[in-house]
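The values are calculated or read from the model by the stated rules, or taken from the named source; none is laboratory data. All of these numbers come straight from a predicted model, not from anything done at the bench. Ideal geometry is used to build each Cβ from the backbone, glycine not excepted, and the neighbour counts take in all protein chains shown.
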Ligand code: FES
């Protein structure tokens, strides 16, 4: 930011200004352009708010200043732009005293300024304006949660349904407590720009109202399943709104939604269920008083989604849907039998879930329940098994197959988070169908591990050719992400970092840095956040290491990209910090 300076700085004589038409004042502050136009004197930031081109090289006509790079136009008096993509030029006080011109290099904004700029940037999908507004709010010490809330509510109101933008925003907001300042800025920018892009050109959401009555939670849950089955969106939304209006707890709402969602198996390759989980997490971040605005946004996709039961792969040669239904009918008795038992064989169950016989996989789940496994034990094992699919993803697969492995993992993580939230909401275990469906999706993806990639450090593999110093390992990891097809090297470096006992949070921050500097695809955000969630559940153990290896392998397979988002964020940051971006620019 500019050096604090409450004093006026001498710009030049009025006579000189009149003769030249414009002067530039340099100092510890940002460069200030002073313009004489039709008997008045104006002072502005000399750096075009679009990309920093010196405005002294622009032209003034009829009180309008035009930048000579991309031709953004500004009201000379207020600095306000006529071209929203360029943003407004900050202005500063200027005085003429005894024939001399003085400027005061302060460009302060009202506290509400950056909030309004973020609203403008979101409404018009203006990346640079969004980046500056996020940076400005953070520089003004506004809580990160306030920015997340503003963006989330914009996204919920300006699009007819939950989308990838809100999912990315929520995933990144979940990671914020683990991110250094610079990565937090990037994360908020990524999330906000993806929400803006999602809403661009979309019809705003239409409000619906709850029913006038307040049926009990069990009835509302039954109704939600009924309306989902017959794809009746209006009815499902009103039912959900009624549950919210009745004061249903987050656990009860999650249980009702997961029960309805699992009326179909692995719907929309798991995205529909993941979106539900993210909408609930969004409310954890923004406040449950916004439940009626946020939660119904998931209903449209939930009722319209296509279940795996409609696909051949789930019916032939084995009827996986029938297997799931049969097991689902037995769930109440199985959990009753396992009550009062203690079970903790998560890793062993995960290995069984990676088997190649669907009936035996279901039997393994049933045996675990009988032995005392709770729903969250099953989902934890499932998520780990799905992470192993990614960690062992064979390099001979097609590149697009990464997404098949990713889908199962993020679905399994979402089921795990949902079941943790539900806890023992009402003793009904319908929602555990999500584990059965996830196990079958995992089974169908078994070809991705034929042959399996070796997990680094296993089988006596020596990693001593890699650096031992923590910072050197992390630098090497970032270097690996600079080049294509460094999947195995990235995995080895992660294994090296963790097996030497170096800090997992520092490693996670590096993985976040690696992703946030890329023009990341939707799945990369999901992968990182789900991986960090699962790592935190398992801790710095063999399983935790396998999970972060999976994350690193996926990210390495999708890096590098053009890094255009990073460039925009960097331009915004330099503009906000008062740097001269183009002092040596050639005039064309
Ligand atoms: S319009 Fe001025 S830098 Fe682009």
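Determine whether the stretch 133-146 contains at least one residue that is within 16 Å of the ligand (Cβ to nearest atom) and touching a helix residue (DSSP H, G or I) at 6+ places or on another chain (Cβ under 6 Å).
Looking only at the stretch 133-146, we keep the residues that are within 16 Å of the ligand (Cβ to nearest atom), and these are none.
Taking every residue of the stretch 133-146 in turn, none turns out to be within 16 Å of the ligand (Cβ to nearest atom) and touching a helix residue (DSSP H, G or I) at 6+ places or on another chain (Cβ under 6 Å).
Report whether or not residue 153 is within 16 Å of the ligand (Cβ to nearest atom), closer than 21 Å to residue 198 by Cα, touching a helix residue (DSSP H, G or I) at 6+ places or on another chain (Cβ under 7 Å) and in contact (Cβ under 8 Å) with a residue 24 or more places away in the chain.
Values: within 16 Å of the ligand (Cβ to nearest atom): no; closer than 21 Å to residue 198 by Cα: yes; touching a helix residue (DSSP H, G or I) at 6+ places or on another chain (Cβ under 7 Å): yes; in contact (Cβ under 8 Å) with a residue 24 or more places away in the chain: yes.
The answer is no for residue 153.
Six or more apart or on different chains, Cβ atoms under 9 Å: show the pairs whose first residue is in the stretch 46-58 and under 13 Å from residue 23 (Cβ atoms) and whose second is assigned to a helix (DSSP H, G or I) and within 9 Å of the ligand (Cβ to nearest atom).
Here the result reads 46/55, each pair linking the stretch 46-58 to a residue that is assigned to a helix (DSSP H, G or I) and within 9 Å of the ligand (Cβ to nearest atom).
If a residue counts only when it is farther than 17 Å from residue 546 by Cα, which helices (runs of 4 or more DSSP H) contained entirely in the stretch 340-414 have at least 3 such residues? Reasoning before the result, please.
Details: elements: 346-353, 358-370, 375-391.
The qualifying helices (runs of 4 or more DSSP H) are 358-370, 375-391.
Hey, residue 575 hits all of (1) assigned to a helix (DSSP H, G or I); (2) modelled with pLDDT of 95 or more; (3) surrounded by 23 or more Cβ atoms within 10 Å (Cβ to Cβ) but one; which does it fall short on?
(2)
Would you check which residues across the stretch 71-89 are surrounded by fewer than 20 Cβ atoms within 10 Å (Cβ to Cβ) and either part of a strand (DSSP E or B) or within 9 Å of the ligand (Cβ to nearest atom) (or both) and list them?
If the condition is that a residue be surrounded by fewer than 20 Cβ atoms within 10 Å (Cβ to Cβ) and either part of a strand (DSSP E or B) or within 9 Å of the ligand (Cβ to nearest atom) (or both), then 71, 73, 75, 83, 85 are the ones that fit.
Answer yes or no as to whether residue 499 is touching a helix residue (DSSP H, G or I) at 6+ places or on another chain (Cβ under 6 Å) and either at negative phi or touching a residue at least 60 places away in the same chain (Cβ under 8 Å) (or both).
Numbers: touching a helix residue (DSSP H, G or I) at 6+ places or on another chain (Cβ under 6 Å): no; either at negative phi or touching a residue at least 60 places away in the same chain (Cβ under 8 Å) (or both): yes.
Spelling it out, it is not the case that residue 499 is touching a helix residue (DSSP H, G or I) at 6+ places or on another chain (Cβ under 6 Å) and either at negative phi or touching a residue at least 60 places away in the same chain (Cβ under 8 Å) (or both).
Determine which single condition residue 106 fails, assuming it passes every other condition in (1) buried (at least 22 other Cβ atoms within 10 Å of the Cβ); (2) more than 34 Å from the chain's Cα centre (by Cα); (3) at pLDDT below 95.
(1)
Table: residues versus (1) crowded, with 24+ Cβ neighbours inside 10 Å; (2) under 22 Å from residue 513 (Cα atoms).
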| site | (1), (2) |
| --- | --- |
| 159 | no, no |
| 166 | yes, yes |
| 179 | no, yes |
| 183 | no, yes |
| 189 | yes, yes |
| 198 | no, no |
| 209 | no, no |
| 214 | no, no |
| 217 | no, no |
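The conditions are (1) within 16 Å of the ligand (Cβ to nearest atom); (2) touching a strand residue (DSSP E or B) at 6+ places or on another chain (Cβ under 9 Å), and residue 93 fails exactly one of them. Which is it?
(1)
Pull up the stretch 288-314, narrow it to residues that are assigned to a loop (DSSP other than H, G, I, E, B) and within 25 Å of residue 202 (Cα to Cα), then point me to the one that is farthest from the chain's Cα centre (by Cα). Write out each step before concluding.
Restricting attention to the stretch 288-314, the residues satisfying the condition of being assigned to a loop (DSSP other than H, G, I, E, B) are 305-307, 311.
Filter once more, so that each one left must be within 25 Å of residue 202 (Cα to Cα): 305-306.
Working: 305: 22, 306: 24 Å.
Of everything passing the filter in the stretch 288-314, 306 is farthest from the chain's Cα centre (by Cα).
I'm told residue 211 meets every condition in (1) under 23 Å from residue 300 (Cα atoms); (2) touching a helix residue (DSSP H, G or I) at 6+ places or on another chain (Cβ under 8 Å); (3) in contact (Cβ under 8 Å) with a residue 40 or more places away in the chain except one. Can you identify the failing condition by its number?
(3)
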